[in-house]
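Trainee: Please see the structure below; I have some questions.
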Amino acid sequence: MGSKSNKEITISVKPVVGRSEKIGLPQFEIDLVDAKIDTGAYGCSLHCTNIEVVEIEGKKMLRIVPLRFRDKAFRGEAHLFPFAEKKKVKNSSGKVEERYLIKTKVCIFNQEIETIFSLTDRSTMRFPVLLGRRFLQKRFMVDVGLKDRSLKSISRKIK
């Protein structure tokens, strides 16, 4: 007869995100912006059409104006980030394009999570922000039948 195993099963409880979420981008002073949750995408992307490489005090920097289209939170302010070389990224059509990357924080479920975003023109897309597997893995479960779970959890705590 076979031997009995005393293996324990550990179940981790992760917050459940829906197919879209309202997130905060504290560095841009944006409390709520719509984000698409996309398990088919590896990385995260942020809508940005105004990207400039500038030199400040001898250092190359990226000056960007993010979230310009259809966004009620848009303030038109430029933000500076350390310069990084462009990275090749597959877009939603499967074509490879070069994009700048920035590191900033995302606020979701009352957590601030440092995240790398590629900067791209998402003006033809429904959501100005896309959160992919790299952001989701080991942190969240996804239920595509739901949306705006993070916002609902915050409003429940306020009541």
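The values are calculated or read from the model by the stated rules, or taken from the named source; none is laboratory data. Model, not experiment: these values are computed from the prediction. Every residue, glycine among them, receives a Cβ derived from its backbone with ideal geometry; neighbour counts consider all protein chains shown.
Trainee: For region 100-150, which positions are surrounded by fewer than 18 Cβ atoms within 10 Å (Cβ to Cβ) and among the small types (G, A, S)?
Mentor: S123, G145
Trainee: From S93, S153, which residue is surrounded by 14 or more Cβ atoms within 10 Å (Cβ to Cβ), more than 17 Å from the chain's Cα centre (by Cα) and among the small types (G, A, S)?
Mentor: Just a single option satisfies the conditions, and that option is S153.
Trainee: Kindly provide the set of residues from region 75-107 that are among the small types (G, A, S) and closer than 17 Å to Y42 by Cα, ordered by number.
Mentor: The answer is S92, S93, G94.
Trainee: On the basis of being surrounded by fewer than 13 Cβ atoms within 10 Å (Cβ to Cβ), among the acidic types (D, E) and out of contact with any Lys or Arg (no Cβ under 7 Å at 6 or more places or on another chain), does E85 make the cut?
Mentor: Yes, satisfied.
Trainee: Continuing with this model, one more query. Is region 57-67 home to any residue that is outside any strand (DSSP E or B), under 30 Å from K152 (Cα atoms) and either among the acidic types (D, E) or at pLDDT below 95 (or both)?
Mentor: Scanning region 57-67 turns up at least one residue that is outside any strand (DSSP E or B), under 30 Å from K152 (Cα atoms) and either among the acidic types (D, E) or at pLDDT below 95 (or both).
Trainee: Now for a different question. Answer with yes or no whether G76 is at pLDDT 90 or above, of a type outside the set (F, W, Y) and in a loop (DSSP other than H, G, I, E, B).
Mentor: In short, no.
Trainee: Pick from F140, F135, F109: which is touching a residue at least 60 places away in the same chain (Cβ under 8 Å) and within 11 Å of the chain's Cα centre (by Cα)?
Mentor: F135
Trainee: So, in region 1-55, of the ones that are hydrophobic (A, V, I, L, M, F, W, C) and part of a loop (DSSP other than H, G, I, E, B), which residue ends up modelled with the highest pLDDT?
Mentor: Of everything passing the filter in region 1-55, A41 is modelled with the highest pLDDT.
Trainee: Anything in region 103-125 that is among the basic types (K, R), part of a strand (DSSP E or B) and under 16 Å from I51 (Cα atoms)? List them, or say none.
Mentor: K103
Trainee: Sticking with this one: Looking at region 11-22, which of the residues that are surrounded by 16 or more Cβ atoms within 10 Å (Cβ to Cβ) and in contact with a helix residue (DSSP H, G or I) (Cβ under 7 Å, 6 or more places away or on another chain) is nearest to R139 (Cα to Cα)?
Mentor: Taking the candidates together, the pick is V17.
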